[in-house]
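Data first, discussion second: the structure below is written as structure tokens.
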Amino acid sequence: MVDASGLWVTPGFIDIHTHYDLELEIAPGLSESVRHGVTSVVIGNCSLSVAIAQPQILADIFQRVETLSHRLIAKWLQQSVSWQTPAEYLQHLQQLPLGPNVAPMFGHSALRAHVMGLERSLTVQPTKFELKVMQRIATDALDAGFIGISIDMFPWHRMSGEWQGCTIPSQHAKFKEYAMLADLCRRSQCVFQVGCN
């Protein structure tokens, strides 16, 4: 028996909105969150994910949200990304000495930039073929174990790098693209997260 007089007794906390995608690679124990009672974290929020796309593109998308040095993010990603697919990323996560449970969302900005290229993902709408490729990759991600897909509509989530100041790729999509992703989540009984103002 434990005397818990004057103490709070709680179940583990689930942190449903983190941007720990990069922190997990640097300090997978997430000791500060665990120390405060967090037992599970959700990553891949706000359409941001390191599950797919080229390291430099990911650095340009992440820097303004992570508030870490762009040079540091780019250097880490270029040295560390060993996965090519969302399923390989999940396998990579399972190899890390994680502190909390980790539930990853699949980020729309990363997906869009991967399929269309960064410039096109920020300036034009996808072709029918590109939409089909996005659909296939997103379906594979959900089938592999991602808990859902995140999109973003926060106007202050902006790019760094060559496209500094431009809003991130997810914000340049039209309803048809969002609806396709939402339908995938509905059919898979997964989460469809919309970050909006």
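Amide H contacts under 5 Å for Val191: Gly148, Ile149, restricted to partners 5 or more places along the chain or on a different chain, H placed in the peptide plane at 1.01 Å from N.
Based on the alpha-carbon gyration tensor of the stretch 58-194 and its eigenvalue square roots a ≥ b ≥ c, which shape applies: rounded if a/c is under 1.5, prolate if not and a/b is larger than b/c, or oblate? Taking the square roots of the gyration eigenvalues as a ≥ b ≥ c, the stretch 58-194 is oblate.
What is the count of Lys pairs in the chain whose alpha carbons sit under 25 Å apart, if the two are 8 or more places apart or on different chains? Could the numbers behind the result be given before it?
Numbers: Lys128/Lys174; Lys128/Lys176; Lys132/Lys174; Lys132/Lys176.
Counting lysine pairs in the chain gives 4.
Spin-label model, Val133 to Leu72: label points 7 Å out along the Cα-to-beta-carbon direction sit 3.4 nm apart.
Calculate for the chain the 222 nm mean residue ellipticity that helices alone would give, adding -39,500 (n - 2.57) per DSSP H run of length 4 or more and normalising by residue count, nearest 500 deg cm²/dmol.
Calculated mean residue ellipticity at 222 nm is -13000 deg cm²/dmol.
Rounded, prolate or oblate: which fits the stretch 50-131 when a ≥ b ≥ c are the square roots of the eigenvalues of the alpha-carbon gyration tensor, with rounded for a/c under 1.5 and prolate only if a/b beats b/c? It comes out oblate by the Cα gyration axes.
Per-residue extension of 0.36 nm, minus the Cα-Cα distance of Ser80 and Leu98, leaves a gain of 4.8 nm for this segment. Amide H contacts under 5 Å for Ile43: Ala103, Met105, restricted to partners 5 or more places along the chain or on a different chain, H placed in the peptide plane at 1.01 Å from N.
For Glu25 and Ala182, the difference between the fully extended length at 0.36 nm per residue and the C-alpha to C-alpha distance is 53.6 nm.
When the alpha carbon gyration tensor of the stretch 1-107 is reduced to an equivalent ellipsoid, the three semi-axes, largest first, read 30, 14, 12 Å.
Two decimals, Cα atoms only, Kirkwood Rh: what is Rg/Rh over the stretch 101-173? Spell out each step's value before the answer.
Values: Rg = 12.7 Å, Rh = 12.8 Å.
Rg/Rh for the stretch 101-173 comes to 0.99.
These residues, Cys46, Cys196, Cys166, go from largest to smallest accessible area, 1.4 Å probe, as Cys196, Cys166, Cys46.
I need the Kirkwood Rh of the stretch 73-120: take the reciprocal of the average 1/r across all distinct C-alpha pairs and report it in angstrom.
Hydrodynamic radius (Kirkwood, Cα only) of the stretch 73-120 equals 12.6 Å.
Rolled with a 1.4 Å probe across the full set of protein chains, the surface gives Arg64 an accessible area near 110 Å². No disulfide-compatible partner, judged by a Cβ distance under 4.7 Å, exists for the following cysteines of the chain: Cys46, Cys166, Cys196. Sequence-ordered 3J(HN,Hα) estimates for the stretch 50-60 from the Karplus curve with 6.51, -1.76 and 1.60 and θ = phi - 60° stand at 9, 5, 7, 3, 6, x, 5, 5, 4, 4, 5 Hz, glycine and proline given as x.
The loop-placed chymotrypsin sites (Phe, Trp or Tyr not before Pro) in the stretch 1-48, going by DSSP, that have at most 12 neighbouring Cβ atoms within 10 Å of their Cβ come out as Trp8.
The values are calculated or read from the model by the stated rules, or taken from the named source; none is laboratory data. What you see is a predicted model; the values in this text were computed from it and never measured. Glycine gets a Cβ as well: all are built from the backbone with ideal geometry, and neighbour counts include every protein chain shown. Ligands, DNA and RNA are excluded from the accessible area calculation, which covers all protein heavy atoms including side chains. Shrake-Rupley method; radii C 1.70, N 1.55, O 1.52, S 1.80 Å.
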